[in-house]
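Below: one structure, written as C-alpha coordinates.
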Amino acid sequence: MTLFQITVLAIIQGITEFLPVSSSGHLALTPVLLGWQDQGLTIDVAVHVGTLGAVIVYLWREVWMMVCGLGRLTTGKIDEGAKLAGLVVIASIPVVIAGLAVKAYFGEGLRIPLVIGWAFIIGGILLYLGDRFGLTIKRMSHITIGNALLIGLSQALAVIPGSSRAGTTITMARLLGFERRDAARFSMLLSIPAIAGAGLLQGMEVAQSGDAAFQANVLIAAGLAFITALFAIVIMMSWLQRQSFTPFVWYRIALGIVILWLAA
(Lines give C-alpha, C1' and ligand atoms only; values in the text may rest on other atoms or scores of the structure.)
Protein backbone atom coordinates (compact mmCIF):
# COMPACT_ATOMS: atom_id res chain seq x y z
CA MET A 1 0.00 0.00 0.00
CA THR A 2 1.11 3.55 -0.68
CA LEU A 3 1.50 6.17 2.04
CA PHE A 4 -1.41 8.08 0.51
CA GLN A 5 -3.72 5.06 0.80
CA ILE A 6 -2.69 4.46 4.39
CA THR A 7 -3.26 8.12 5.24
CA VAL A 8 -6.74 8.14 3.69
CA LEU A 9 -7.80 4.97 5.50
CA ALA A 10 -6.40 6.15 8.84
CA ILE A 11 -8.17 9.51 8.61
CA ILE A 12 -11.47 7.86 7.63
CA GLN A 13 -11.19 5.44 10.55
CA GLY A 14 -10.24 8.18 12.99
CA ILE A 15 -13.20 10.34 12.02
CA THR A 16 -15.82 7.59 11.88
CA GLU A 17 -14.95 5.15 14.70
CA PHE A 18 -16.78 6.94 17.52
CA LEU A 19 -19.38 8.72 15.41
CA PRO A 20 -22.58 6.71 14.81
CA VAL A 21 -21.80 6.31 11.09
CA SER A 22 -19.93 2.95 10.92
CA SER A 23 -16.17 2.98 10.52
CA SER A 24 -16.20 -0.64 9.27
CA GLY A 25 -18.66 0.31 6.55
CA HIS A 26 -16.47 3.21 5.44
CA LEU A 27 -13.31 1.07 5.49
CA ALA A 28 -15.02 -1.60 3.41
CA LEU A 29 -16.37 0.91 0.90
CA THR A 30 -13.25 3.06 0.46
CA PRO A 31 -11.22 0.59 -1.65
CA VAL A 32 -14.32 -0.29 -3.68
CA LEU A 33 -15.15 3.33 -4.52
CA LEU A 34 -11.52 4.33 -5.18
CA GLY A 35 -10.61 1.21 -7.11
CA TRP A 36 -7.97 0.05 -4.62
CA GLN A 37 -7.17 -3.45 -3.53
CA ASP A 38 -8.80 -4.23 -0.19
CA GLN A 39 -6.39 -3.19 2.57
CA GLY A 40 -6.91 -6.40 4.53
CA LEU A 41 -7.63 -7.15 8.15
CA THR A 42 -4.24 -6.10 9.52
CA ILE A 43 -4.50 -2.47 8.39
CA ASP A 44 -8.12 -2.37 9.57
CA VAL A 45 -7.01 -3.54 13.02
CA ALA A 46 -4.05 -1.13 13.02
CA VAL A 47 -6.26 1.93 12.50
CA HIS A 48 -8.69 0.61 15.10
CA VAL A 49 -5.83 0.32 17.61
CA GLY A 50 -4.96 3.93 16.86
CA THR A 51 -8.50 4.99 17.74
CA LEU A 52 -8.28 2.85 20.89
CA GLY A 53 -5.37 5.00 22.04
CA ALA A 54 -7.45 8.12 21.43
CA VAL A 55 -10.38 6.93 23.55
CA ILE A 56 -8.05 5.89 26.39
CA VAL A 57 -6.49 9.36 26.37
CA TYR A 58 -9.85 11.14 26.23
CA LEU A 59 -11.52 8.95 28.88
CA TRP A 60 -8.42 8.48 31.02
CA ARG A 61 -10.31 9.24 34.24
CA GLU A 62 -12.87 6.47 33.65
CA VAL A 63 -10.16 4.08 32.44
CA TRP A 64 -7.96 4.76 35.48
CA MET A 65 -10.98 4.40 37.78
CA MET A 66 -11.71 0.97 36.28
CA VAL A 67 -8.09 -0.14 36.56
CA CYS A 68 -7.92 0.93 40.20
CA GLY A 69 -11.29 -0.67 40.89
CA LEU A 70 -10.13 -3.98 39.47
CA GLY A 71 -6.99 -3.73 41.58
CA ARG A 72 -9.04 -3.24 44.74
CA LEU A 73 -11.00 -6.41 43.98
CA THR A 74 -7.97 -8.34 45.22
CA THR A 75 -8.64 -6.87 48.67
CA GLY A 76 -12.33 -7.77 48.52
CA LYS A 77 -13.52 -4.20 47.91
CA ILE A 78 -16.03 -3.41 45.16
CA ASP A 79 -16.07 0.30 44.29
CA GLU A 80 -17.54 2.33 41.42
CA GLY A 81 -14.53 1.61 39.22
CA ALA A 82 -14.91 -2.16 39.62
CA LYS A 83 -18.65 -1.89 38.94
CA LEU A 84 -18.05 0.11 35.75
CA ALA A 85 -15.45 -2.40 34.58
CA GLY A 86 -17.89 -5.22 35.25
CA LEU A 87 -20.60 -3.48 33.24
CA VAL A 88 -18.21 -3.00 30.31
CA VAL A 89 -17.31 -6.71 30.41
CA ILE A 90 -20.97 -7.76 30.55
CA ALA A 91 -21.84 -5.49 27.63
CA SER A 92 -18.89 -6.84 25.60
CA ILE A 93 -19.82 -10.52 25.76
CA PRO A 94 -22.60 -10.50 23.10
CA VAL A 95 -20.44 -8.91 20.39
CA VAL A 96 -17.67 -11.47 20.97
CA ILE A 97 -20.15 -14.31 20.46
CA ALA A 98 -21.69 -12.60 17.42
CA GLY A 99 -18.27 -11.92 15.92
CA LEU A 100 -17.21 -15.56 16.22
CA ALA A 101 -20.51 -16.72 14.70
CA VAL A 102 -20.25 -14.36 11.73
CA LYS A 103 -16.62 -15.36 11.12
CA ALA A 104 -17.57 -19.03 11.18
CA TYR A 105 -20.66 -18.84 8.95
CA PHE A 106 -20.20 -15.76 6.76
CA GLY A 107 -16.50 -14.86 6.70
CA GLU A 108 -16.16 -11.69 4.60
CA GLY A 109 -19.53 -12.34 2.95
CA LEU A 110 -21.21 -9.40 4.66
CA ARG A 111 -18.71 -6.83 3.32
CA ILE A 112 -20.77 -6.15 0.20
CA PRO A 113 -22.40 -2.85 -0.88
CA LEU A 114 -25.96 -4.20 -0.71
CA VAL A 115 -25.63 -5.20 2.95
CA ILE A 116 -23.71 -2.05 3.87
CA GLY A 117 -26.20 0.26 2.14
CA TRP A 118 -29.24 -1.16 3.90
CA ALA A 119 -27.38 -1.25 7.23
CA PHE A 120 -26.63 2.47 6.88
CA ILE A 121 -30.27 3.32 6.17
CA ILE A 122 -31.91 1.11 8.80
CA GLY A 123 -29.33 2.10 11.42
CA GLY A 124 -29.94 5.76 10.65
CA ILE A 125 -33.70 5.41 11.09
CA LEU A 126 -33.28 3.59 14.39
CA LEU A 127 -30.81 6.23 15.59
CA TYR A 128 -33.34 8.96 14.80
CA LEU A 129 -36.11 7.16 16.69
CA GLY A 130 -33.88 6.53 19.70
CA ASP A 131 -32.59 10.07 19.82
CA ARG A 132 -35.97 11.66 19.11
CA PHE A 133 -38.09 9.71 21.57
CA GLY A 134 -35.53 8.66 24.18
CA LEU A 135 -35.56 10.63 27.42
CA THR A 136 -32.47 12.40 28.75
CA ILE A 137 -32.74 11.57 32.42
CA LYS A 138 -29.96 9.06 33.09
CA ARG A 139 -26.22 9.50 33.51
CA MET A 140 -23.51 6.88 33.13
CA SER A 141 -23.56 6.31 36.89
CA HIS A 142 -27.16 5.03 36.52
CA ILE A 143 -26.26 2.11 34.25
CA THR A 144 -27.52 -1.22 35.59
CA ILE A 145 -26.58 -4.76 34.64
CA GLY A 146 -29.79 -4.96 32.60
CA ASN A 147 -28.93 -1.74 30.77
CA ALA A 148 -25.41 -2.99 30.06
CA LEU A 149 -26.72 -6.28 28.68
CA LEU A 150 -29.22 -4.56 26.38
CA ILE A 151 -26.56 -2.17 25.10
CA GLY A 152 -24.24 -5.14 24.64
CA LEU A 153 -26.88 -7.04 22.66
CA SER A 154 -27.33 -4.02 20.41
CA GLN A 155 -23.55 -3.84 19.94
CA ALA A 156 -23.66 -7.39 18.58
CA LEU A 157 -25.41 -5.97 15.50
CA ALA A 158 -22.20 -4.10 14.71
CA VAL A 159 -20.79 -7.26 13.15
CA ILE A 160 -22.85 -6.20 10.11
CA PRO A 161 -20.73 -3.64 8.19
CA GLY A 162 -22.58 -0.35 8.01
CA SER A 163 -24.64 -0.84 11.16
CA SER A 164 -22.01 0.93 13.32
CA ARG A 165 -20.85 -0.19 16.75
CA ALA A 166 -21.17 3.37 18.03
CA GLY A 167 -24.53 3.79 16.30
CA THR A 168 -26.11 0.64 17.72
CA THR A 169 -24.90 1.23 21.28
CA ILE A 170 -25.79 4.93 21.30
CA THR A 171 -29.24 4.16 19.89
CA MET A 172 -29.97 1.65 22.63
CA ALA A 173 -28.58 3.92 25.33
CA ARG A 174 -30.80 6.77 24.12
CA LEU A 175 -33.84 4.47 24.06
CA LEU A 176 -33.02 3.58 27.66
CA GLY A 177 -33.08 7.27 28.59
CA PHE A 178 -29.37 8.13 28.83
CA GLU A 179 -28.16 11.61 28.02
CA ARG A 180 -26.42 12.00 24.67
CA ARG A 181 -22.91 12.64 26.01
CA ASP A 182 -23.17 9.79 28.53
CA ALA A 183 -24.48 7.45 25.85
CA ALA A 184 -21.46 8.35 23.73
CA ARG A 185 -19.05 7.94 26.66
CA PHE A 186 -20.27 4.44 27.52
CA SER A 187 -20.20 3.54 23.82
CA MET A 188 -16.55 4.59 23.67
CA LEU A 189 -15.69 2.58 26.77
CA LEU A 190 -17.21 -0.49 25.12
CA SER A 191 -14.78 -0.13 22.25
CA ILE A 192 -11.81 -0.81 24.53
CA PRO A 193 -12.14 -4.60 25.12
CA ALA A 194 -13.07 -5.46 21.52
CA ILE A 195 -10.33 -3.38 19.89
CA ALA A 196 -7.72 -4.36 22.48
CA GLY A 197 -8.41 -8.06 21.93
CA ALA A 198 -8.24 -7.85 18.14
CA GLY A 199 -5.20 -5.57 18.32
CA LEU A 200 -3.28 -7.95 20.55
CA LEU A 201 -3.85 -10.95 18.29
CA GLN A 202 -3.09 -9.09 15.08
CA GLY A 203 -0.15 -7.26 16.66
CA MET A 204 1.53 -10.57 17.47
CA GLU A 205 1.24 -11.62 13.82
CA VAL A 206 2.72 -8.31 12.62
CA ALA A 207 5.63 -8.58 15.07
CA GLN A 208 6.36 -12.12 13.92
CA SER A 209 6.13 -11.26 10.22
CA GLY A 210 9.64 -9.81 10.07
CA ASP A 211 8.54 -7.44 7.28
CA ALA A 212 9.99 -4.06 8.31
CA ALA A 213 8.15 -2.11 5.59
CA PHE A 214 4.81 -3.64 6.53
CA GLN A 215 5.44 -3.01 10.23
CA ALA A 216 6.19 0.63 9.45
CA ASN A 217 2.92 0.94 7.50
CA VAL A 218 1.02 -0.49 10.46
CA LEU A 219 2.60 2.00 12.88
CA ILE A 220 1.92 4.95 10.55
CA ALA A 221 -1.71 3.88 10.12
CA ALA A 222 -2.21 3.55 13.88
CA GLY A 223 -0.54 6.90 14.61
CA LEU A 224 -2.58 8.84 12.05
CA ALA A 225 -5.81 7.20 13.23
CA PHE A 226 -4.97 8.13 16.84
CA ILE A 227 -4.52 11.83 16.05
CA THR A 228 -7.61 12.03 13.86
CA ALA A 229 -9.80 10.13 16.33
CA LEU A 230 -8.79 12.35 19.24
CA PHE A 231 -9.84 15.46 17.34
CA ALA A 232 -13.09 13.77 16.23
CA ILE A 233 -13.98 12.78 19.81
CA VAL A 234 -13.40 16.27 21.15
CA ILE A 235 -15.51 17.84 18.40
CA MET A 236 -18.34 15.30 18.78
CA MET A 237 -18.56 15.65 22.56
CA SER A 238 -18.58 19.42 22.24
CA TRP A 239 -21.32 19.18 19.61
CA LEU A 240 -23.47 16.96 21.84
CA GLN A 241 -23.50 19.58 24.59
CA ARG A 242 -25.94 21.60 22.48
CA GLN A 243 -27.12 19.48 19.56
CA SER A 244 -28.61 16.09 18.69
CA PHE A 245 -27.56 13.14 16.53
CA THR A 246 -29.85 14.22 13.66
CA PRO A 247 -27.03 15.27 11.23
CA PHE A 248 -25.56 11.77 11.53
CA VAL A 249 -28.99 10.30 10.78
CA TRP A 250 -29.32 12.21 7.51
CA TYR A 251 -25.73 11.38 6.57
CA ARG A 252 -26.33 7.66 7.11
CA ILE A 253 -29.55 7.59 5.11
CA ALA A 254 -28.11 9.66 2.24
CA LEU A 255 -24.95 7.54 2.05
CA GLY A 256 -26.98 4.33 2.23
CA ILE A 257 -29.15 5.44 -0.70
CA VAL A 258 -26.06 6.34 -2.75
CA ILE A 259 -24.49 2.95 -2.00
CA LEU A 260 -27.62 1.06 -3.03
CA TRP A 261 -27.89 3.14 -6.21
CA LEU A 262 -24.28 2.42 -7.12
CA ALA A 263 -24.72 -1.27 -6.30
CA ALA A 264 -27.76 -1.45 -8.59
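The values are calculated or read from the model by the stated rules, or taken from the named source; none is laboratory data. Predicted model, so just to flag it, every value in this text is computed and none were measured. Ideal geometry is used to build each Cβ from the backbone, glycine not excepted, and the neighbour counts take in all protein chains shown.
See the values below:
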{"item": "Residue in the range 146-165 that is over 17 Å from the mean Cα position of the chain (by Cα), polar (S, T, N, Q) and in a helix (DSSP H, G or I) present", "result": "yes"}
{"item": "Test for Ala101: is it buried (at least 18 other Cβ atoms within 10 Å of the Cβ), of a type in the set (A, V, I, L, M), more than 17 Å from Gly256 (Cα to Cα) and out of contact with any Ser or Thr (no Cβ under 7 Å at 6 or more places or on another chain)", "result": "no"}
{"item": "Evaluation of Val88 against (1) surrounded by 16 or more Cβ atoms within 10 Å (Cβ to Cβ); (2) at pLDDT below 95 (one fails), failing number", "result": "(2)"}
{"item": "Residue among Ala54, Ala46, Ala82 that alone is farther than 29 Å from Trp261 by Cα, among the hydrophobic types (A, V, I, L, M, F, W, C), in a helix (DSSP H, G or I) and without any contact (Cβ under 8 Å) to a residue 60 or more places away in the chain", "result": "Ala82"}
{"item": "Criterion (of a type outside the set (Lys, Arg) and either exposed (fewer than 12 other Cβ atoms within 10 Å of the Cβ) or without any contact (Cβ under 8 Å) to a residue 24 or more places away in the chain (or both)) met by exactly one of Gly146, Gly162", "result": "Gly146"}
{"item": "Where Gly14 falls short, out of the listed (1) surrounded by fewer than 24 Cβ atoms within 10 Å (Cβ to Cβ); (2) of a type in the set (Gly, Ala, Ser); (3) modelled with pLDDT of 90 or more", "result": "(1)"}
